Ligand code: ZN
């Protein structure tokens with residue numbers, strides 16, 4: 001009995017030591033945040049949000065310290081009416097040399113629009129892991145979407161902008177289920193040949209779990225060398241924040257989040273919000289990872305956004321007492 005106890009105690013201490021060593025290596029590493037509320041947060045909202053409110057959301061994000069913001073997407077306005085004001089919004093963006101404005105694009109036409117808008121610093125291209133989702137989402141097979149994404153990075157660079165590639169449905173596809181890790185690693189490897197600013201792994205439908213995130217982020221990082229990894233999670237099944245933690249611990253450099261946890265659509269079952277900016281910042285602050293983002297100001301901004309949307313938002317931290 002005593003022996004068993006001692007053995008457990010020794011194992012416990014060994015585990016504790018290795019955790020502390022891991023934590024020492026990880027702590028104080030800057031984690032970069034991308035605010036995706038203006039695009040991914042709003043794109044499925046049935047009620048059109050006025051352009052002035054979108055602009056205010058962007059001003060809030062700059063105010064709380066985010067320096068990369070996904071402001072809109074340049075897609076068919078008939079398909080995403082919420083973002084039909086892309087050019088108008090971009091024309092009003094605050095002139096800031098220290099802020100990177102990202103525009104999401106799916107093809108050459110979108111890239112041309114984003115570049116012509118004059119104020120988009122970075123083009124975000126999206127490829128998908130399966131043909132069935134690709135055809136429905138963007139009218140491209142998986143391979144076609146990857147080729148288009150690589151072309152978009154080239155167009156961005158030629159226009160003096162940066163370009164990054166997101167692999168959507170990297171953790172699961174609504175039509176084909178679990179996506180084989182080898183498939184995602186292979187796509188990331190090919191995407192890295194375009195020398196994007198970063199490659200993002202996106203859990204578009206929120207089916208990922210931390211063990212899977214650790215494995216995929218680790219394997220993709222191995223495969224793409226010095227190209228940084230960004231992660232994008234939806235909290236559809238409550239695993240969003242745990243997935244962020246798993247990704248950070250595997251060395252992901254950048255995390256997408258949406259103020260208030262906005263995202264998803266009440267008319268599209270299963271489409272839940274992005275991980276909330278305030279929830280991610282609370283976790284990282286309290287864990288010793290600087291982000292440059294001020295939590296009290298995020299919470300203030302979330303209160304403002306709740307008023308704009310006219311309903312409580314999914315985020316937890318902005319509804320809890322200050323701590
Ligand atoms: Zn998303």
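No lab work stands behind these numbers, since they all come straight from the coordinates. Bear in mind the structure is a predicted one, so any value in this text is a computation, not a measurement. Neighbour counts are summed over all protein chains in view; Cβ atoms, including those assigned to glycine, are modelled from backbone coordinates with ideal geometry.
Summary table below
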{"quantity": "Residues within segment 55-89 that are farther than 16 Å from residue 293 by Cα, in contact with a strand residue (DSSP E or B) (Cβ under 8 Å, 6 or more places away or on another chain) and in a helix (DSSP H, G or I), tallied", "calculated": "3"}
{"quantity": "Out of 71, 90, 66, sole residue that is crowded, with 20+ Cβ neighbours inside 10 Å and either at positive phi or in contact (Cβ under 8 Å) with a residue 60 or more places away in the chain (or both)", "calculated": "66"}
{"quantity": "Residue in segment 200-220 that is in a loop (DSSP other than H, G, I, E, B), under 17 Å from the mean Cα position of the chain (by Cα) and more than 20 Å from residue 176 (Cβ to Cβ) present", "calculated": "no"}
{"quantity": "Segment 120-137, subset in a helix (DSSP H, G or I) and in contact with a helix residue (DSSP H, G or I) (Cβ under 6 Å, 6 or more places away or on another chain), residue nearest to residue 58 (Cα to Cα)", "calculated": "134"}
{"quantity": "Filtered residues of segment 239-267 (kept if away from the ligand (no atom under 12 Å from the Cβ), under 24 Å from residue 197 (Cα atoms) and not in a helix (DSSP H, G or I))", "calculated": "250, 251, 252, 253, 254, 255"}
{"quantity": "Residue among 147, 159, 111 that is surrounded by fewer than 23 Cβ atoms within 10 Å (Cβ to Cβ), touching a helix residue (DSSP H, G or I) at 6+ places or on another chain (Cβ under 7 Å) and farther than 23 Å from residue 255 by Cα", "calculated": "159"}
{"quantity": "Breaking point among (1) surrounded by 24 or more Cβ atoms within 10 Å (Cβ to Cβ); (2) out of contact with any strand residue (DSSP E or B) (no Cβ under 7 Å at 6 or more places or on another chain), for residue 215", "calculated": "(1)"}
{"quantity": "Residues being surrounded by fewer than 16 Cβ atoms within 10 Å (Cβ to Cβ), assigned to a helix (DSSP H, G or I) and touching a residue at least 24 places away in the same chain (Cβ under 8 Å) - total across segment 278-296", "calculated": "2"}
{"quantity": "Single condition residue 236 does not satisfy, out of (1) without any contact (Cβ under 8 Å) to a residue 40 or more places away in the chain; (2) crowded, with 18+ Cβ neighbours inside 10 Å; (3) part of a helix (DSSP H, G or I)", "calculated": "(3)"}
{"quantity": "Test: residue in segment 276-285 that is under 14 Å from residue 167 (Cα atoms) and touching a strand residue (DSSP E or B) at 6+ places or on another chain (Cβ under 8 Å)", "calculated": "no"}
{"quantity": "Qualifying positions in segment 173-206 - surrounded by 20 or more Cβ atoms within 10 Å (Cβ to Cβ), within 16 Å of residue 136 (Cβ to Cβ) and more than 13 Å from the ligand (Cβ to nearest atom)", "calculated": "173, 179"}
